[in-house]
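The values are calculated or read from the model by the stated rules, or taken from the named source; none is laboratory data. Just so it is clear, the model here is predicted, and its values are computed rather than measured. For neighbour counting, all protein chains shown are included, and Cβ atoms are generated from backbone atoms with ideal geometry for every residue, glycine included. Protein only, heavy atoms only, side chains kept; ligands, DNA and RNA dropped before computing areas. Shrake-Rupley method; radii C 1.70, N 1.55, O 1.52, S 1.80 Å.
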Amino acid sequence: MHKILMIHTGGTLMMRPGRDSTTLEPGDYTRDLLAELPILRTIGSIDTRILFNLDSGDMQPHHWVELAQVIHDELQYYDGAVIVHGTDVMAYTASALSFLLPGLDRPVVLTGAQRPIFEIRTDARANLVDACHIATLPVPEVGIAFSSKFLRGCRSTKLDAWGFDAFASPLCQPLVELGLGAIVAPHVLPARAAGAFDPRIDPNVLCVRLFPGLQPSFVSAAIDSGVHGIVLTAYGAGNVPHLENSLIPSIRKATDAQVPVVVVSQCARGATELRLYAGASAAAEAGAISGGDMTTEAALAKLMISLGRAPEGKVMEFVTNAFRRPLLGEMSKDLPMR
Ligand code: ASP
């Protein structure tokens, strides 16, 4: 009999209409999810932990650390863990858990739903059944089980707020595809031994999505106000304005202040190529670090965690090194442009 640890953090899956009947509110977890969907018990014996009951819009980095700590301590007693989580922030949490739990020898499966489990037309039941099934497979990764797929967590992003097929990992094939059977992909990471849990994370970062008209003084003001790291979601292959409203002086100012600036692409299927255009090349000269083809979610999580671990006085070196290579398949290895 398989053993599964099911951790609840909240999200639409267990929500119910509130008093005004238009707003969904956090569900009542005294109503056991397993009572709603008893068939889950045929997949394995399931132990439940109710860690939070939040709309994931209220998740914070300290919640990631609490969640990762529980998984780190308890996963050894189970075949895998299922985390019920809101869809809005799921890709951020999945990315953070990947870096907080680098040593895994069994699956950590996040799932949720676009419609609550109590509704007739819901994706909750199928996603939960799939998640519990994946938790019994030899897939030692943190990932998202949604709409008949299991996606690498640190490659995933929420692309759809309406359809049931809400998540994609545009630059990484699914780890598992579920049809009549389950196909486990060959690029699943091998099992890694878990080390000691490291809870250090520095949430004092800023993400700036470039747009024409962005005032560089606002980015400079963020550096003055004590931000520790910046993710620039740049155009296309990492392009950054370098003429009117040039961001280059702000990037140089950040680098001089030991504030790493990581550049990722706004395109879902994009990689930064910091030598291709003059703007991107000037950004690299000013000290910008390429985030390669990482998602914004993964770049933010990796930045927070590497900032948390950087030795004093060595922040730039430490963070630059962390972004130089993939730790857990979060970026492609052989980007010709890096
Ligand atoms: N707002 C909800 C959440 O992220 C949406 C969902 O779960 O689908 O918690």
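Things worth noting here:
- For region 268-303 versus region 185-227, the gap between their alpha-carbon centres in whole angstrom: 12 Å
- Listed values for region 212-220 are Karplus-derived 3J(HN,Hα) couplings in whole Hz (6.51 cos²θ - 1.76 cosθ + 1.60, θ = phi - 60°), namely x, x, 4, 7, x, 4, 5, 5, 4, and x replaces Gly and Pro.
- Calculated mean residue ellipticity, 222 nm, the chain: -8000 deg cm²/dmol, from DSSP H runs (n ≥ 4) at -39500 (n - 2.57) each, averaged per residue and rounded to 500.
- Amide H contacts for Ser290 (H built 1.01 Å from N in the peptide plane; partners 5 or more residues away or on another chain; cut-off under 5 Å): Val263.
- Shape call, region 50-179: gyration tensor on alpha carbons, a/c limit 1.5: rounded
- Pairs with C-alpha atoms separated by more than 24 Å, drawn from the list Lys158/Lys302; Lys253/Lys333; Lys158/Lys253, are Lys253/Lys333; Lys158/Lys253.
- Cα long-axis angle, helix 90-100 against the chain (0 to 90 degrees, to the nearest 10): 80 degrees
- ³J(HN,Hα), Karplus 6.51/-1.76/1.60, whole Hz, each residue of region 159-167, x for Gly, Pro: 10, 9, 9, 10, x, 6, 8, 7, 10
- Order of exposure, largest accessible area first, which applies to Ile46, Ile183 with probe 1.4 Å: Ile183, Ile46
- 3J(HN,Hα) from dihedral phi, region 133-139, Karplus parametrisation 6.51/-1.76/1.60, rounded to Hz, x for glycine, proline: 5, 4, 5, 9, 8, x, 10
- Taking Cα centre as origin and charging only the Cβ of basic (Lys, Arg, +1) and acidic (Asp, Glu, -1) residues, the dipole magnitude of the chain rounds to 560 debye.
- Positive dipole terminus of region 218-338, leading residue within Val231, Tyr277, Leu328 (C-beta point charges): Leu328
- Proximity of backbone amide H atoms, modeled 1.01 Å from N, is registered between Arg16 and Glu25, Gly27 at under 5 Å, excluding neighbours fewer than 5 places apart on the same chain.
- Separation of region 86-120 from region 1-21 is 12 Å, based on Cα centroids.
- Gyration tensor verdict on the chain (Cα atoms; rounded if a/c is under 1.5, prolate if a/b is larger than b/c, oblate otherwise): prolate
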